[in-house]
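Structure first, then comments.
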Amino acid sequence: MTDTVVKEIDQYTEINYLTSDNAEFERTAGGFLSLYTKDGAKYPRVDFYRAFPFTKPREYISVREPDSREIGVKAKEIGVIRNLDDFPEDIVKLIEEQLDRRYFSPVITRINSIKEEFGYYYWDVLTDVGICRFTVRGGHNIVPIGEDSGRVLIIDVDGNRFEIKDYASLDKKSVKKLESVI
């Protein structure tokens, strides 16, 4: 995102940017992160969301209170981290750990089979964490990421995400199976 676009967004919104000057994160006993702001606010637990998860994974990280258990009550955004590099490396590692948990995406290294039936695709794949079988509804949940990058995101019916880093690097049989559903 260019500085011009950021300035335009800032004209229409009030974004509380969190920096190492106004926010302190620390690990809780439960393995999550808490937040203390310079204005005295304390948040015993915070959640992290990528505003631009594919193209800028280290920028524009939304920091929110955890979702409420009440129906219809959404998590309140506390602020946005414009760039993780604005924080010390030890804090960056803690935040990245939380983001990795939220955005866990096994990387597909081989496609054993893809079978289509009634608009659903049944995948049998090998990933960096082992064999996975999952179901994808329609082809719109198979999304190329970026122009000419070869990256593909696949979202199954349960909302789980799988990634192919560069589909051209897959074996020829896997590429042929993938191209039949893209």
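The values are calculated or read from the model by the stated rules, or taken from the named source; none is laboratory data. Just so it is clear, the model here is predicted, and its values are computed rather than measured. Every residue, glycine as well, gets a Cβ built from its backbone with ideal geometry; the counts of neighbours run over all protein chains shown. All accessible areas refer to the heavy atoms of the entire protein, side chains included, with ligands and DNA or RNA removed. Shrake-Rupley method; radii C 1.70, N 1.55, O 1.52, S 1.80 Å.
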Ile95 fails exactly one of (1) at pLDDT below 95; (2) of a type in the set (A, V, I, L, M); (3) under 14 Å from the mean Cα position of the chain (by Cα), namely (1)
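Let's see how each residue does on (1) assigned to a strand (DSSP E or B); (2) surrounded by fewer than 16 Cβ atoms within 10 Å (Cβ to Cβ); (3) modelled with pLDDT under 90:
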residue	(1), (2), (3)
Arg101	no, yes, yes
Ile108	yes, no, no
Ile131	yes, yes, no
Val152	yes, no, no
- prompt: Can you find even one residue in segment 26-42 that is of a type outside the set (A, V, I, L, M, F, W, C), in contact with a Lys or Arg (Cβ under 8 Å, 6 or more places away or on another chain), open to solvent by less than 50 Å² (accessible area, probe 1.4 Å) and more than 29 Å from Val143 (Cβ to Cβ)?
  reply: yes
Check: Out of curiosity, is Lys7 out of contact with any Pro (no Cβ under 9 Å at 6 or more places or on another chain), at pLDDT below 95 and assigned to a loop (DSSP other than H, G, I, E, B)?
Finding: no
Among residues of segment 154-169 being outside any loop (DSSP other than H, G, I, E, B) and in contact with a Pro (Cβ under 9 Å, 6 or more places away or on another chain), the residue farthest from Trp123 (Cα to Cα) is Tyr167
>> When you scan segment 56-72, do you find a residue that is under 30 Å from Asp148 (Cα atoms), open to solvent by less than 80 Å² (accessible area, probe 1.4 Å), of a type in the set (Lys, Arg) and at pLDDT below 85, even just one?
In response: yes
Of (1) within 30 Å of Glu26 (Cα to Cα); (2) open to solvent by less than 60 Å² (accessible area, probe 1.4 Å); (3) at pLDDT 90 or above; (4) not aromatic (Phe, Trp, Tyr), Gly159 satisfies every one except (3)
Taking the conditions exactly as written (over 30 Å from Glu24 (Cα atoms) and not polar (S, T, N, Q)), does Val136 satisfy them or not?
yes
